[in-house]
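Student: Here it is: the structure, laid out below.
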Amino acid sequence: MSVFNCPHRPPCPGCPRFGEPGVDPLVRAALGDLAHRHGLADPAVVSGAVLGFRHRARLAIRGRLGSPKLGLFELGTHRVVHIPSCRVQHPLINRVAGVVRRALVQARVPSYSDQAHLGLARYLQVVVERGSQAAQIVLVANCETAEPLAGCLELIREELGRELHSLWFNAHCDRSNSILGAHFERWCGPDTVVEHFGGAAVHYPPGAFGQSNLEVAQRIIEHLRADIPQGSCAAEFYAGVGPIGLSVVDRLRELRLNESSPHALRGLEQGIEGLDPVQRAKVVLRPGAAGAMQEAADGADVVIVDPPRKGLEPSLAQRLAERPPQRLLYVSCALDSLREDILRLTCQGALRLVGLTVFDMFPYTAHVETVAHFERA
């Protein structure tokens, strides 16, 4: 098989540009146009591995009893494309999916049916910890407790052995398209996956957001670190579990971290607790919605924002436009919201866009991660 052949295409929708090199030409042109409108050159593009780069995956589980499918939904449907040999996932994710499938069959666990809202196994989340090369596994099911899945969970634990980091049950009994429910129950293993960016330990509970492409995520953090002056006071909004802030705290005199997700806050608190006393004393945690915590930016030399796809909360964007820090670093995962926020941030004339860098975080798709660098005018 050629390195750029995929046995699951079509109908798998996960890599619509599989085998095509570089960033989508239309996206690259749009970012170039955005840069030119602000007097900048074409943005530099930072890339990483293009196969086996995904350390995090969420797979739907559907199909008949004794013949479940684990993979992605066909576009516009709830039909699952079984992807046992995905080329962009870490090999351990494919192995885990195979082990889970065999355990579901052997334990006679029925797959979930969206139409009937019956069956048990709904989704599988797998996160590979780089240091241990072991997998944090979450089995999401249409039941209140792990008891109906006990036999299946034990089969998974026994077969994976040292390749298993931790095993979790997640209760998701609602009729909805969300993947995870609110309740997690640990079956075995540690509380969190731990990654290191710039030396700091970053903790990921199973319900917290994490980037799937850790190689490129690390390059983004290195890029941001180089743009943060030594001895600055920095405020970070939408901090998640803290991969950016905790990795640059050694450069700072003070770090204010804002986050609203309970799962992310739990990981962030563990990361702060793991700092040495000197670094820990620099950190102030501001839990809550970013718009409600915007005063955390007051007096900060550098503000870092890493919002979700919808972009900045309007009140935070307005505050930064009217009372800008000396430097604003914006990490964007959505081009449309980035364009809108650049307009909001620069409309007062107090902030100017001085740099754009593109990171090919999602090879073979039309999505990129972009870092926008603003300075006070």
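The values are calculated or read from the model by the stated rules, or taken from the named source; none is laboratory data. None of these values were measured; they are calculated from a predicted model. Backbone-built Cβ (ideal geometry, glycine too); neighbour counts: all protein chains shown.
Student: Answer yes if at least one residue in region 1-16 is assigned to a loop (DSSP other than H, G, I, E, B), over 26 Å from Glu215 (Cβ atoms), touching a strand residue (DSSP E or B) at 6+ places or on another chain (Cβ under 8 Å) and not assigned by TED's automatic domain parsing to the domain that holds Ala366, and no otherwise.
Tutor: Kept after step one, since they are assigned to a loop (DSSP other than H, G, I, E, B), are these residues of region 1-16: 1-16.
Those still in the list that are over 26 Å from Glu215 (Cβ atoms) too: 10-11.
Then keep just the ones that are touching a strand residue (DSSP E or B) at 6+ places or on another chain (Cβ under 8 Å); that gives 11.
Narrowing further to those that are not assigned by TED's automatic domain parsing to the domain that holds Ala366: 11.
Yes; the residues of region 1-16 include at least one that is assigned to a loop (DSSP other than H, G, I, E, B), over 26 Å from Glu215 (Cβ atoms), touching a strand residue (DSSP E or B) at 6+ places or on another chain (Cβ under 8 Å) and not assigned by TED's automatic domain parsing to the domain that holds Ala366.
Student: Determine which member of the set Arg266, Arg256, Arg219 is part of a strand (DSSP E or B), surrounded by 16 or more Cβ atoms within 10 Å (Cβ to Cβ) and assigned by TED's automatic domain parsing to the domain that holds Gly311. Walk me through it before giving the result.
Tutor: Details: Arg266 fails: part of a strand (DSSP E or B); Arg219 fails: part of a strand (DSSP E or B).
Unique residue meeting the criteria: Arg256.
Student: Name the residues in region 189-204 that are modelled with pLDDT under 95 and either surrounded by 20 or more Cβ atoms within 10 Å (Cβ to Cβ) or touching a helix residue (DSSP H, G or I) at 6+ places or on another chain (Cβ under 6 Å) (or both), would you? I'd like the intermediate steps shown before the answer.
Tutor: Narrowing region 189-204 to residues modelled with pLDDT under 95: 197-200.
Selection gives Phe197, Gly198, Ala200.
Student: I've got another one for you. Could you tell me how many of the residues in region 144-153 are surrounded by fewer than 19 Cβ atoms within 10 Å (Cβ to Cβ) and assigned to a loop (DSSP other than H, G, I, E, B)? Quick ask: steps written out before the conclusion?
Tutor: Keep residues of region 144-153 that are surrounded by fewer than 19 Cβ atoms within 10 Å (Cβ to Cβ), which gives 144-145, 147-148, 150-151.
The next check asks that each one be assigned to a loop (DSSP other than H, G, I, E, B); those that pass are 144-145.
Total meeting the criteria: 2.
Student: Go over the candidates Ser212, Ser166 one by one and state the one that is at pLDDT 95 or above, in contact with a His (Cβ under 8 Å, 6 or more places away or on another chain) and farther than 23 Å from Gly288 by Cβ. Give the steps one after another, and end with the answer.
Tutor: Numbers: Ser166 fails: in contact with a His (Cβ under 8 Å, 6 or more places away or on another chain).
That would be Ser212, the only listed residue that is at pLDDT 95 or above, in contact with a His (Cβ under 8 Å, 6 or more places away or on another chain) and farther than 23 Å from Gly288 by Cβ.
Student: I'd like the full set of residues that are out of contact with any Lys or Arg (no Cβ under 7 Å at 6 or more places or on another chain) and surrounded by 15 or more Cβ atoms within 10 Å (Cβ to Cβ), limited to region 1-14.
Tutor: His8, Arg9, Cys12, Pro13, Gly14
Student: Considering (1) part of a loop (DSSP other than H, G, I, E, B); (2) surrounded by fewer than 23 Cβ atoms within 10 Å (Cβ to Cβ), say which one Ala239 fails and leave the rest.
Tutor: Looking at each condition in turn, Ala239 falls short on (2).
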